[in-house]
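Some notes on the structure that comes next.
The values are calculated or read from the model by the stated rules, or taken from the named source; none is laboratory data. All of these numbers come straight from a predicted model, not from anything done at the bench. Neighbour counts are summed over all protein chains in view; Cβ atoms, including those assigned to glycine, are modelled from backbone coordinates with ideal geometry. With ligands, DNA and RNA removed, areas are computed over all heavy atoms of the protein, side chains included. Shrake-Rupley method; radii C 1.70, N 1.55, O 1.52, S 1.80 Å.
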Amino acid sequence: MPDIPLTTLVLLCLAALAAGWIDAVVGGGGLLLLPVLLLGLPSNTPAAHALGTNKAVAIVGTTGAAVTYARKAPVDVRTAVRIGLAALAGSSAGAFFAAGMSTDVLKPVIMVVLLGVAAFVILRPAFGTAPATGPATRRQILAAIGLAGLGIGFYDGLIGPGTGTFLVLALTAVLHLDLVTASATAKIVNCCTNAGALATFAWQGAVLWQPAALMAVFNLAGGTLGAHTALKKGSGFVRVVLLTVVFALVGNLAYEQWIA
């Protein structure tokens, strides 16, 4: 157990609770949890250990949210798992290329894409509010595997922040899901990518298991609560949270690119 003051440990647990809620509703919990871990862990802690600990915490909340959604939302688990396996392969490839590529070149492009997404969601109030008209076609499923699985999975391994949000947007657009069902499907996909990343970090010995276990309890509570909130409030509520997270992600990337 690292030497973490009690007040700092309490803040880490509260951040895990809030991140679990955000991630369950619309993705993007890592935007809160990872920076708090980087600040809260001892200054001599390698960055890889913060990343590994973040994955160990997040996978618990994501799994709790996925189970909650699967019980109460009309999720096609088989399709979600197929997309998730593709995302696992994509994230592995992204992590491989990340070692030799500067992400500073990509961050401005991602910011422009996110702002375009925000404008689209604002100008299309009906986006993600209508329920799916029927089962997804084979072409739609293949497109989702390519875009949400391989494409966004690759982004998750290469850069990471906002992966859950991108998944929700892609699944809504490609499979014509409402935002609640897209969030539910995204959680199952996220379980696959988190499992792959956690296995890699664990193999490298880059996970602080004791603080992760404590934080995971709070993340699980936040994830379960967030899933219940999204199911109760509906797509309109998820849309508001989605826009909030998108703008927060743009601000975070801008800060990292030009200020930090």
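Helix content alone sets the calculated 222 nm mean residue ellipticity of the chain: runs of n ≥ 4 DSSP H residues at -39500 (n - 2.57) each, divided across all residues, give -26000 deg cm²/dmol. Counting 0.36 nm for each residue step from Val10 to Arg139 and taking away their Cα separation leaves a gain of 41.7 nm.
Ranked by the mean number of other Cβ atoms within 10 Å per residue, highest first, peptides 76-82, 15-21, 34-40, 201-207 order as 15-21, 34-40, 76-82, 201-207. Extension gain for the segment Gln204 to Phe247, taken as residue separation times 0.36 nm less the Cα-Cα distance, is 12.1 nm to one decimal. Here the translational diffusion coefficient of region 147-198 follows from Stokes-Einstein with Rh set to the Kirkwood radius across Cα pairs; for 20 °C and 1.002 mPa s it amounts to 199 µm²/s. Here the label points at Phe97 and Leu39, each 7 Å from Cα along the C-beta direction, are separated by 3.2 nm in the simple model.
Estimated from the Cβ-Cβ distance and a Förster radius of 25 angstrom, the FRET efficiency linking Glu256 and Val217 is about 0.25.
The long axis of helix 77-98 is offset from the longest Cα principal axis of the chain by roughly 50 degrees. Rolling a 1.4 Å probe across the protein heavy atoms gives region 146-209 an accessible surface of 30 Å² per residue.
One Cα centroid belongs to region 31-83, the other to region 194-230; the line between them spans 5 Å. In a simple Cβ point-charge model (Lys, Arg +1; Asp, Glu -1; nothing else charged), the chain has a dipole of about 780 debye relative to its Cα centre.
Applied to region 220-232, the Karplus parametrisation 6.51 cos²θ - 1.76 cosθ + 1.60 on θ = phi - 60° returns per-residue 3J(HN,Hα) values of 5, 4, x, x, 5, 5, x, 5, 5, 4, 4, 5, 6 Hz, with x for Gly and Pro. The Cβ shell under 14 Å around Leu175 holds other residues with a net charge of +2, Lys and Arg each +1, Asp and Glu each -1. Scalar couplings 3J(HN,Hα) for region 6-22, obtained by applying the Karplus form with A = 6.51, B = -1.76, C = 1.60 to θ = phi - 60°, are 4, 4, 5, 5, 4, 5, 4, 5, 5, 5, 5, 4, 5, 5, x, 5, 4 Hz; x denotes Gly and Pro. Against the main long axis of the alpha-carbon atoms of the chain, helix 30-40 sits at an angle near 0°.
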